[in-house]
1. Select, from I35, I9, the only residue that is in contact (Cβ under 8 Å) with a residue 12 or more places away in the chain, open to solvent by less than 10 Å² (accessible area, probe 1.4 Å), within 13 Å of the ligand (Cβ to nearest atom) and touching a His at 6+ places or on another chain (Cβ under 9 Å).
2. Please enumerate the residues belonging to segment 223-244 that are open to solvent by less than 50 Å² (accessible area, probe 1.4 Å) and more than 14 Å from the ligand (Cβ to nearest atom).
3. Among the listed residues E161, E169, which satisfies the condition of being on the phi > 0 side of the Ramachandran plot and in contact (Cβ under 8 Å) with a residue 60 or more places away in the chain?
4. Provide a single number: the residues in segment 181-222 that are closer than 25 Å to G79 by Cα and within 16 Å of the ligand (Cβ to nearest atom).
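The values are calculated or read from the model by the stated rules, or taken from the named source; none is laboratory data. This structure is a prediction, so every number in the text was calculated from the model and none was measured. Please note: Cβ atoms are built from the backbone with ideal geometry, for glycine as well, and neighbour counts cover all protein chains shown. For the accessible areas, the whole protein counts, side chains as well, though only heavy atoms, and no ligand, DNA or RNA atoms are used. Shrake-Rupley method; radii C 1.70, N 1.55, O 1.52, S 1.80 Å.
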Amino acid sequence: MTALRLEGIRLRFGGVTALDGLGFTVEPGTVHALIGPNGAGKSSCFNVISGHYRPEAGTVAFGDDDLTHLPPHEIARRGVGRAFQNIALSAHETVLDNLMVARHRLTRSGFVATALGLSRVRREERLHQARVTEIAEFAGLGGKLDTLAGALAYGDRKRVELARALASEPGIVLLDEPAAGMPSHEKWDIAHLIVSVRDALGISVLLVEHDMPMVMAIADRVTVLDFGRRIAGGTPAEVQNSPEVIAAYLGSSHPEAGAVTVSPAREETS
Ligand SMILES: Nc1ncnc2c1ncn2[C@@H]1O[C@H](COP(=O)(O)OP(=O)(O)OP(=O)(O)O)[C@@H](O)[C@H]1O
């Protein structure tokens with residue numbers, strides 16, 4: 001099991017400092033939420049971890065691997081999966097095909113062998129399909145493998161996005177607002193799915209989510225950002241009582257402002 005560590009991350013866009021000496025650790029086997037008001041730097045942080053943005057200072061490490069200057073596909077190869085907020089599936093391909101593409105980093109057969117249809121290639125392909133089918137069932141997509149991604153309801157597309165991140169067998173997944181736009185009952189289904197990613201698959205989860213009751217119910221640890229800095233961190237109960245956090249949210253125009261001060265019952269997640 002591997003920890004994800006960020007230290008001293010600084011990222012600027014012209015005159016805007018998006019991340020300002022940011023550091024935190026996602027302990028192995030935990031659900032870790034990254035929260036903060038609009039513009040706090042959450043997406044920028046995800047983009048730095050996944051290699052889409054390059055910080056001007058600081059380091060990102062996953063276990064012994066320094067990810068800081070690697071391109072996105074190399075970071076994915078080292079076990080950091082990501083599900084995007086704006087679902088980026090191939091609408092004209094089936095769920096199975098969307099998941100198989102994501103599994104590509106694990107396939108060993110080269111292009112020529114694949115084109116020749118060698119039996120080893122076919123055997124390998126069958127093994128990958130079997131595993132992808134298991135992952136799809138785990139994500140609640142059983143029976144939908146042959147459906148075109150574009151024909152799925154919104155909630156199922158969010159599930160495919162999550163399953164796609166799992167298909168590359170990561171050690172940690174970054175989930176960017178997995179419950180955004182979902183009705184309440186589907187939102188809690190996704191919350192339970194995230195908890196079982198941790199418990200059944202042993203994969204750590206780093207989560208950006210604006211839904212505070214959900215965050216407070218499922219997160220083991222919470223890191224709070226404001227103006228690109230870490231202003232608090234700890235258990236959900238600890239951050240809810242932090243004066244810095246309350247001040248940051250009360251000063252925010254975001255609709256969740258104030259929600260961080262309510263105390264939803266923490267679900268038993270183990
Ligand atoms: N590509 C970019 N170009 C210029 N400025 C950017 C860019 N991306 C982010 N920023 C700025 O960096 C700061 C952090 O933005 P970021 O999107 O990371 O915050 P966030 O916490 O994800 O916000 P939200 O909750 O609204 O998604 C903001 O001031 C934002 O305007």
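1. Details: I9 fails: touching a His at 6+ places or on another chain (Cβ under 9 Å).
Residue meeting the stated conditions: I35.
2. A232, G233, G234, T235, P236, V239, Q240, S242
3. E169
4. Adding up the residues that qualify gives 6.
Let's see how each residue does on (1) open to solvent by 60 Å² or more (accessible area, probe 1.4 Å); (2) within 16 Å of the ligand (Cβ to nearest atom); (3) modelled with pLDDT of 95 or more:
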residue: F24; (1), (2), (3): no, yes, yes
residue: G39; (1), (2), (3): yes, yes, no
residue: K42; (1), (2), (3): no, yes, yes
residue: P55; (1), (2), (3): no, yes, yes
residue: G63; (1), (2), (3): no, no, yes
residue: V80; (1), (2), (3): no, no, yes
residue: A83; (1), (2), (3): no, yes, no
residue: S90; (1), (2), (3): no, no, no
residue: E93; (1), (2), (3): yes, no, no
